[in-house]
Amino acid sequence: MIPVLADLLTIGVAVAISPLAIVAVILMATSGKGRTNGTAFILGCYTFAIVFVGVLVLIGRSAGAEDPDSGPHVTVDVIEILLGIGLLVLAVRQWLHRGSDEPPKWMEKLDGLKLGGAFLVGILISGPLSPKDLPLLVAAGGRISQAALPMEQIVAIVLIFGLIGVTAVAIPWVISVVSPSKVEVRLSRMRTWLVSNHAVIMTVLFVILGFKLMGSGIADLAG
């Protein structure tokens, strides 16, 4: 179990480093909704991650992906390589579109969200609308499905991976709970910096993760 979690650590940290998701929580916190909407948003992110990865793991294991000599195992490695190539392509696109200091327009509507809306936004931004997180979650699901471990350990790995994926997003929420009177001062600079450097951060992440996934897939096929 520990070796699988160690193998997933890079992917989990990369999922956690989501500038726009962090900015969304900061906006909720600085508008006074960090404890309520921020909680719902983080739960949305976590729920999508564990459900999506869990479904992929079930599909992979039902096809026999945990067997190193099986066709599904090889298929997972090939998909991982393709995802790595896709992330490198996204790195180029992010770099070409760098320079914008304006947050996405959908963030302007965060102030008016209720709990259900915040939960739904968390689900959407953690996968379906994220060019970074969705391929990473697919790669994580493939990796976990290849692990020859008992099902209870597989479930634990999925749950722990989901927690790793929301650690960075949870930091502004913790600040809003622990120090609500100083939340604006503590988070405003972070918000500005993340929006201004979003493209550069994502470019670096895409490059590192692209080569990481390609290397892991190729090494597994070669081994």
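The values are calculated or read from the model by the stated rules, or taken from the named source; none is laboratory data. Everything numeric here is computed off the predicted structure, so don't read it as measured data. Ideal geometry is used to build each Cβ from the backbone, glycine not excepted, and the neighbour counts take in all protein chains shown.
Tell me whether region 20-37 contains one or more residues that are more than 20 Å from the chain's Cα centre (by Cα), under 20 Å from Val174 (Cα atoms) and charged (D, E, K, R).
Within region 20-37, one or more residues are more than 20 Å from the chain's Cα centre (by Cα), under 20 Å from Val174 (Cα atoms) and charged (D, E, K, R).
Just give me the residues in region 41-79 being of a type in the set (Gly, Ala, Ser) and part of a helix (DSSP H, G or I), in sequence order. Talk me through it step by step, then tell me what you get.
Restricting attention to region 41-79, the residues satisfying the condition of being of a type in the set (Gly, Ala, Ser) are 44, 49, 54, 60, 62-65, 70-71.
The answer is Gly44, Ala49, Gly54, Gly60, Ser62, Gly71.
Kindly check whether there is at least one residue in region 51-59 that is touching a Ser or Thr at 6+ places or on another chain (Cβ under 6 Å) and over 30 Å from Gly112 (Cα atoms). Outline the logic, then answer.
Our first condition is that a residue be touching a Ser or Thr at 6+ places or on another chain (Cβ under 6 Å); within region 51-59, this holds for 57.
Restricting the remaining residues to those that are over 30 Å from Gly112 (Cα atoms) gives 57.
Scanning region 51-59, I find at least one residue that is touching a Ser or Thr at 6+ places or on another chain (Cβ under 6 Å) and over 30 Å from Gly112 (Cα atoms), so the answer is yes.
One line per residue, one yes/no per condition, for (1) touching a His at 6+ places or on another chain (Cβ under 6 Å); (2) touching a residue at least 12 places away in the same chain (Cβ under 8 Å); (3) more than 25 Å from His97 (Cβ to Cβ):
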| site | (1), (2), (3) |
| --- | --- |
| Val158 | no, yes, yes |
| Val174 | no, no, yes |
| Val177 | no, yes, yes |
| Asn197 | no, yes, no |
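Of Ala14, Ala21, which residue is assigned to a helix (DSSP H, G or I) and either in contact with a Cys (Cβ under 8 Å, 6 or more places away or on another chain) or on the phi > 0 side of the Ramachandran plot (or both)?
Working: Ala14 fails: either in contact with a Cys (Cβ under 8 Å, 6 or more places away or on another chain) or on the phi > 0 side of the Ramachandran plot (or both).
One residue alone meets the criteria, Ala21.
Go through region 56-84 and give me each residue that's of a type in the set (A, V, I, L, M) and under 13 Å from Met214 (Cα atoms). Can you show your working first?
In the first step, residues of region 56-84 are kept if they are of a type in the set (A, V, I, L, M); the result is 56-59, 63, 65, 74, 76, 78-79, 81-83.
Within region 56-84, Val76, Val78, Ile79, Ile81, Leu82, Leu83 meet the criteria.
Does region 98-118 include one or more residues that are modelled with pLDDT of 90 or more and within 23 Å of Gly54 (Cα to Cα)? Walk me through it before giving the result.
Taking region 98-118 and keeping what is modelled with pLDDT of 90 or more, we get none.
Checked against the condition, which is being modelled with pLDDT of 90 or more and within 23 Å of Gly54 (Cα to Cα), region 98-118 yields no hits at all.
A quick yes/no check of all residues on (1) among the charged types (D, E, K, R); (2) in contact (Cβ under 8 Å) with a residue 24 or more places away in the chain; (3) in contact with a Leu (Cβ under 9 Å, 6 or more places away or on another chain):
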position: Leu5; (1), (2), (3): no, yes, no
position: Ile22; (1), (2), (3): no, yes, yes
position: Gly38; (1), (2), (3): no, yes, no
position: Phe41; (1), (2), (3): no, yes, yes
position: Gly64; (1), (2), (3): no, no, no
